[in-house]
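The values are calculated or read from the model by the stated rules, or taken from the named source; none is laboratory data. Computed from a predicted model, the values in this text were never measured in an experiment. Here Cβ is always computed from backbone atoms with ideal geometry, including for glycine, and neighbour counts include all displayed protein chains. Accessible surface is based on the protein model in full, side chains and every heavy atom, while ligands, DNA and RNA are left aside. Shrake-Rupley method; radii C 1.70, N 1.55, O 1.52, S 1.80 Å.
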Amino acid sequence: MADPVILEMRGITKEFPGVRALEDVSIEVRRGRIHAICGENGAGKSTLMKVLSGVYPHGTFDGEIVYQGEPVAFGRINDSERAGIVIIHQELALVPELSIAENIFLGNEPRKGIAIDWDAVHVRAAELLARVGLDEDPETPIKHIGVGKQQLVEIAKALEKDVKLLILDEPTAALNEADSQHLLDLIVGLKGKGVTSIMISHKLGEIEQVADAITIIRDGRVVETLDIEHGAVDEDRIIRGMVGRTLGHRFPERSGTAGDVFFEVRDWTVQHPLSAERLVAKGSSFTVRRGEIVGFAGLMGAGRTELAMSLFGRQYGTWLGGTIVKDGQEIRVRSVPEAIEHGIAYVSEDRKALGLNLLDTIKRSVVSAKLDKVSTAGVVDPIRELHAAEEYLRALRIKAPDVEQGVDTLSGGNQQKVVLSKWMFTDPDLLILDEPTRGIDVGAKSEIYQIIRQLADQGKGVILISSELPELLGLADRIYTIFEGRITGELPAAEADQEMLMRRMAPTKGD
Amino acid sequence: MLFGKKGSLKEFGILGALIVIVLAFQIATNGTTLSSGNVINLVQSQSYILILAIGMVMVIIAGHIDLSVGSVAAFVSVVVAISMTDWGIPWWSSILLGLGLGLAIGAWQGFWVAFVGVPAFIVTLAGMLMFRGLNQLVGQSRGIGVDSEFVALLAGYLPEIGPDTGYNNPTLLLGLIAIVAVVVVELRRRARRQSVGAEVAPMWVLITRLVLVAGVIVAATLLFASGRPGTSFPHSGILLAIFVLAYGFLTQRTTLGRHIYAVGGNRRAAELSGVRTRWVDFFVMANMSVLAAVAGMLWIARSQAAGPADGTGWELDAIAAVFIGGAAVAGGIGTVAGSIIGGLVMAVLSNGLFAIGTGSDWIQVIKGLVLLIAVAIDVLNKRQGRFSIIGLLQRGMRGTRAADPA
């Protein structure tokens, strides 16, 4: 009990019309700790952080916040930032066209008279970048650095504001393993320098690794707070708290009934859309059997998504060569309609930007990739459409009152089920699933795993792209590894482990 | 069918506003607003803007804009007038020529938008300048007359035929057809839903609704049918009704309609769902110019001449109608029915304000404010679920932005 309490939130209750998002939530965070907050999507984690940072101003919720020993009433984000509380959202708030340095000081530029003191900007930016371990020229535009580095810029920006309490909302959701590790190390390093962190994450392994205390929230209430000092906490313990039950097997059992090879890609070569010298796929060849889940492992930027999207009607880069063979015949897949016609479906990693029209209802989304199936002579039959949508609502257990519900109101897991429905509705033979469980809570994840396995058991081929190696090892039958656009290995999942995959995903010169 | 299911509440809001405005002017003008002469005049004089609004809402749903409609209408109509007057070709072939020219212009603009990728704002700004210039070049900035058959067809009224009932008989017939059509369509839809086990509203709800709708149609029919001799339901109104039904069906019930919404809602997601987004863009732009050609021809029929200033500012009236009708600037949202109501709100406002003696200066100020407030209410509604003045003031005082519940 050595560390003093930096933040105490007492009896926080926040209501939205018709929903009580938080109910009597109390949480105590001690100085110089990393405090994790876990909960399924919709449990109220983000709402709690918005209450804390002043996004929901004082007076719009009940309860009180005591920060550094004094009750505070933040009217807006600026108030909380002035007090040293900085929130880094899941969607980064950086301006792509501006440089790293300009972003760090945006809205807070050092001045000489009325002009910006650019010398000071650059000197201080360089210092801050050194502190977060980012080796980039401060004048580089944000759009030219990867998402992992952008996350570091966000932290540099927070440090510039003299942060005392750093709130990170899913900081590693979009990062690969190496970048995630770097970020976690940085947060631990900041802890040593007196910065307290509150971290929201779905990645339980990471929480286990860095957190000093864990608060579990379910349905807007605190289930429990676990202190690591009182003994280590394992993942199952956290999951039990989050979902209120013990999940059985996280991964469905393999049925081991893969059939013949029916889909084959030969010597697939694709050029980067912007730079002619860069190849994102270099003579890639692979096969998929009926009833088989084929995993693709690779670091971020290895070319997995690029390969998948170029196969799906050449939606990425410039095709240079290679053929697709399905059921023994070479097929022509030069556009998305041709891909759909040949029974190929692609579930994008970016569900909101590429997977859904957020203005649509569940019903309209489900049928949107194959409208002709519920239409006669170009006229949509509302009854057939309704039946189709209701069928998927039931089959995939999408949590919504009815199919007229807007997809923008659904949780991540349910949105993903809608996207899966949309592609299952096209009667595909091959489903390419790109990070199908990204940003989805544990309960929904295991349901999605069941769905994927069922699809394979129906004799469909599944290509599973994932950055989470346990997911690939647990779900796939066979795994290909990709490094810099080249397929570097092929392993039966049953014989593989994380280390074997990592070696092939990032081969060193000796390998 | 005409209302998108999700947007129905929003449109009922605008419909409510329209009814309130009509009733207010009805009182303020001592009953002239809803006199048969005035409603006939309203339809006759506003059909072309409403037809433009139909095309415009589709353009806006797809995420574009068309600033060229006034100039396109003017250019097409001057060519149509010249073809009748100077070249002496039959009036019906002039109409075909006008439609063809509209399609060609639309294809031209659609090509730049869809296949070259120039933003529609720029393409149609260029079109606005070019076709205005071409109108003056071809017409040499003079007034050009049109054939009387042309005027009779496009600016005429339903004829006086049949027994003397005190009303215009074809208008009565039209009203009867409308009532029968509504009843048949509603009953058939209900039967269809029942036969497949879908939920249906209780019979008394349906009957109440049908009685209400029929009542409105009867009242409107009698109003139009009792115009002074020689006037009745205008041909342009029939054309408008056909377009509203056809395009309402196209946008709500066909795959093409779905694709227009999909492209506007999320272009990349639509593309990855197999929508041929470029062709959708091409279609909405081409279609808009065809409708602009129709509007232009209606206009010169009514004014019996084509001139250099025709169509000035039409694009703004059409765009205003669409946004008052609930469409979103970012695309993906909007309906034909809503846009028509939006156009009627503007038309009734002008008409009523003028009738009570307001000058055109003030009419413009008021119309501008109405547009601003209508869209502001829409924006605020979206931001916090429900609009309330108190909520607005509270937020304004604290100076915070509203955030969505996560």
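Going by the conditions given, is residue B:171 in a helix (DSSP H, G or I) and either free of Cβ contacts under 8 Å to residues at least 40 places away in the same chain or of a type in the set (S, T, N, Q) (or both)?
So residue B:171 fits the description; yes.
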Within the stretch B:192-209, the residues that are within 14 Å of chain A (Cβ to nearest Cβ), surrounded by 10 or more Cβ atoms within 10 Å (Cβ to Cβ) and not polar (S, T, N, Q) are B:192, B:193, B:196, B:198, B:200
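Just a yes or no: is a residue in the stretch B:101-113 in a helix (DSSP H, G or I), open to solvent by 50 Å² or more (accessible area, probe 1.4 Å), over 30 Å from residue B:226 (Cα atoms) and not aromatic (Phe, Trp, Tyr)? Break it down into steps so the answer makes sense when it comes.
Of the residues in the stretch B:101-113, the ones in a helix (DSSP H, G or I) are B:101-113.
Still in the running and open to solvent by 50 Å² or more (accessible area, probe 1.4 Å): B:103-104, B:108, B:111-112.
Subsequent filtering for residues that are over 30 Å from residue B:226 (Cα atoms) retains B:103-104, B:108, B:111-112.
The next check asks that each one be not aromatic (Phe, Trp, Tyr); those that pass are B:103-104.
Yes.
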Can you give me the ranges of the strands (runs of 3 or more DSSP E) entirely in the stretch A:130-225 with at least 2 residues that are under 19 Å from the mean Cα position of the chain (by Cα) and not small (Gly, Ala, Ser)? A:165-169, A:196-200
Restricting to the stretch A:462-511, count the residues that are among the small types (Gly, Ala, Ser), in a loop (DSSP other than H, G, I, E, B) and touching a residue at least 24 places away in the same chain (Cβ under 8 Å). 5
Which numbered condition trips up residue A:261, out of (1) crowded, with 19+ Cβ neighbours inside 10 Å; (2) at pLDDT 90 or above? (1)
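Return a yes/no flag: does the stretch A:37-58 have any residue that is more than 14 Å from chain B (Cβ to nearest Cβ) and not aromatic (Phe, Trp, Tyr). Step through it out loud before you land on a result.
Filtering the stretch A:37-58 for residues more than 14 Å from chain B (Cβ to nearest Cβ) gives A:38.
Adding the requirement that they be not aromatic (Phe, Trp, Tyr) leaves A:38.
The answer is yes, given that some residue of the stretch A:37-58 is more than 14 Å from chain B (Cβ to nearest Cβ) and not aromatic (Phe, Trp, Tyr).
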Within the stretch B:144-158, is there a residue that is open to solvent by 60 Å² or more (accessible area, probe 1.4 Å), part of a loop (DSSP other than H, G, I, E, B) and either under 23 Å from residue B:88 (Cβ atoms) or at pLDDT 95 or above (or both)? no
For the stretch B:23-70, give me each residue that is open to solvent by 10 Å² or more (accessible area, probe 1.4 Å), in contact with a Gly (Cβ under 7 Å, 6 or more places away or on another chain) and not in a helix (DSSP H, G or I). B:29, B:63
So how many residues does the stretch B:220-247 have that are closer than 19 Å to residue B:341 by Cβ, away from chain A (no Cβ under 13 Å) and among the small types (Gly, Ala, Ser)? 4
Residue check, residue B:3 open to solvent by 10 Å² or more (accessible area, probe 1.4 Å) and either modelled with pLDDT of 95 or more or part of a helix (DSSP H, G or I) (or both): no
Which residue, of B:238, B:242, B:179, is over 30 Å from residue B:63 (Cα atoms) and either within 23 Å of the chain's Cα centre (by Cα) or surrounded by 12 or more Cβ atoms within 10 Å (Cβ to Cβ) (or both)? B:179
Would you point out the residue of the stretch A:329-361, among those that are small (Gly, Ala, Ser) and within 23 Å of residue A:174 (Cβ to Cβ), that is most open to solvent (accessible area, probe 1.4 Å)? A:353
I need the full set of residues from the stretch A:181-220 which are more than 19 Å from residue A:157 (Cβ to Cβ), surrounded by 16 or more Cβ atoms within 10 Å (Cβ to Cβ) and either β-branched (Val, Ile, Thr) or in contact with a strand residue (DSSP E or B) (Cβ under 6 Å, 6 or more places away or on another chain) (or both), in order please. A:207, A:210, A:211, A:212, A:213, A:214, A:215, A:216, A:217, A:220
Hey, among the residues in the stretch A:302-357 that are in contact with a His (Cβ under 7 Å, 6 or more places away or on another chain) and touching a residue at least 12 places away in the same chain (Cβ under 8 Å), which one's farthest from the other protein chains (Cβ to nearest Cβ)? A:326
Determine if the stretch A:407-422 includes at least one residue that is charged (D, E, K, R), within 23 Å of residue A:466 (Cα to Cα) and in contact with a Ser or Thr (Cβ under 6 Å, 6 or more places away or on another chain). yes
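Let's see how each residue does on (1) surrounded by 22 or more Cβ atoms within 10 Å (Cβ to Cβ); (2) of a type in the set (Lys, Arg); (3) away from chain B (no Cβ under 12 Å):
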{"position": "A:364", "(1), (2), (3)": "yes, yes, no"}
{"position": "A:383", "(1), (2), (3)": "no, no, no"}
{"position": "A:390", "(1), (2), (3)": "no, no, no"}
{"position": "A:394", "(1), (2), (3)": "no, yes, yes"}
{"position": "A:400", "(1), (2), (3)": "no, no, yes"}
{"position": "A:404", "(1), (2), (3)": "no, no, no"}
{"position": "A:409", "(1), (2), (3)": "no, no, no"}
Sort through B:250, B:256 and tell me the only one that's open to solvent by 40 Å² or more (accessible area, probe 1.4 Å), within 14 Å of chain A (Cβ to nearest Cβ), under 30 Å from residue A:354 (Cβ atoms) and of a type in the set (A, V, I, L, M). B:256
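Take the conditions farther than 22 Å from residue A:475 by Cβ and surrounded by fewer than 16 Cβ atoms within 10 Å (Cβ to Cβ) and apply them to residue A:235. Does it pass?
Details: farther than 22 Å from residue A:475 by Cβ: no; surrounded by fewer than 16 Cβ atoms within 10 Å (Cβ to Cβ): yes.
Spelling it out, it is not the case that residue A:235 is farther than 22 Å from residue A:475 by Cβ and surrounded by fewer than 16 Cβ atoms within 10 Å (Cβ to Cβ).
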